[in-house]
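Visitor: Below: one structure in structure tokens.
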Amino acid sequence: QKESRLVIAGDGPLYKTLTANPHPTITFTGFVEGEKLAQLYASADLFLFPSSTETFGNVVLEAQASGLPVIGAGAGGVKELVKEGETGLLCTPHQVSDFTDALQDLLSNPAQLDAMSIQARQFALTKSWDAIFENLVEQYEQAILSNDYKKNTKSRIRTA
């Protein structure tokens, strides 16, 4: 098994504490944006996101758009964006052993990592604004065409 390196991007509330005595296989980048952030995504094998308080998960979608499977906390918006076993793995929030087990499992199975990478990218493409609005319009059309809608609105529709 090849050696792994953990890259932690960002400068959250624990940044100073964590960087005071870093482990030799961990790189802390601090705040990153733009081209440098895109390079980090492009050079990674997977995306680890243990936050259990994330409401939507834009960074999860960014990672998936870059073809990265996500290992994330099964909470908040992340659990809506990660399809278990397809685009990544969900772990019990605050259970470090769940995250380390998921990392080891995925990194030791290159075929699964590759398959999840492809599925993560395909999933992210369905989350573009065009795709979201197209889906919304389809849902409206289905509601309008359904018999339930016609029954419920018939009494409110007046003909001229």
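The values are calculated or read from the model by the stated rules, or taken from the named source; none is laboratory data. Remember, it's a predicted structure, so these values are computed and weren't measured experimentally. Note that each Cβ is placed from the backbone with ideal geometry, even for glycine, and that neighbours are counted across all protein chains shown. Heavy atoms of the whole protein, side chains included, go into the accessibility calculation; ligands, DNA and RNA do not. Shrake-Rupley method; radii C 1.70, N 1.55, O 1.52, S 1.80 Å.
Visitor: Using the heavy atoms of the protein chains and a 1.4 angstrom probe, tell me the accessible area per residue for the chain in square angstrom.
Guide: The answer is 70 Å² per residue.
Visitor: Further, regarding this structure: How much mean residue ellipticity at 222 nm does the chain get from its helices, if each DSSP H run of length 4 or more adds -39500 (n - 2.57) and you divide by all residues, to the nearest 500 deg cm²/dmol?
Guide: My calculation for the chain gives -14500 deg cm²/dmol from helical runs alone.
Visitor: Using R₀ = 35 Å, calculate the FRET efficiency as 1/(1 + (r/R₀)^6) where r is the Cβ-Cβ separation of H94 and A143; round to 0.05.
Guide: Computed FRET efficiency for H94 and A143: 0.30.
Visitor: Quick check: at a probe of 1.4 Å, how many percent of the accessible area of the chain sits on carbon and sulfur atoms?
Guide: 54
Visitor: Using 0.36 nm times the number of residues separating A44 and H23, minus their current alpha carbon distance, what extension gain do you get?
Guide: 5.7 nm
Visitor: Sticking to Cα atoms, compute the Rg of the chain to one decimal and its Dmax as the biggest Cα-Cα distance, whole number, in Å.
Guide: Gyration radius and largest Cα-Cα distance of the chain: 20.7, 77 Å.
Visitor: Dipole of the chain, Cα-centred, from +1 at each Lys and Arg C-beta and -1 at each Asp and Glu C-beta, to the nearest 20 debye?
Guide: It comes to approximately 660 debye.
Visitor: Can you give the relative contact order of the chain as a percent, counting alpha carbon pairs under 8 Å and 6+ residues apart?
Guide: 16
Visitor: Can you give me the pair-distance distribution of region 80-144, C-alpha pairs, 5 Å bins, whole percents?
Guide: Bins of 5 Å from zero give 3, 16, 18, 17, 15, 11, 9, 7, 4, 1 percent of pairs.
Visitor: Pick out, from W129, G76, P93, the residue whose Cα sits farthest towards the positive end of the charge dipole of region 67-143, with +1 on the Cβ of Lys and Arg and -1 on the Cβ of Asp and Glu.
Guide: Of the listed residues, the answer is P93.
Visitor: Moving on to the next point. Among H23, T53, A63, whose Cα projects farthest towards the positive end of the dipole of region 1-72, with charges put on the beta-carbon of Lys, Arg (+1) and Asp, Glu (-1)?
Guide: It is H23, whose Cα lies furthest towards the positive end.
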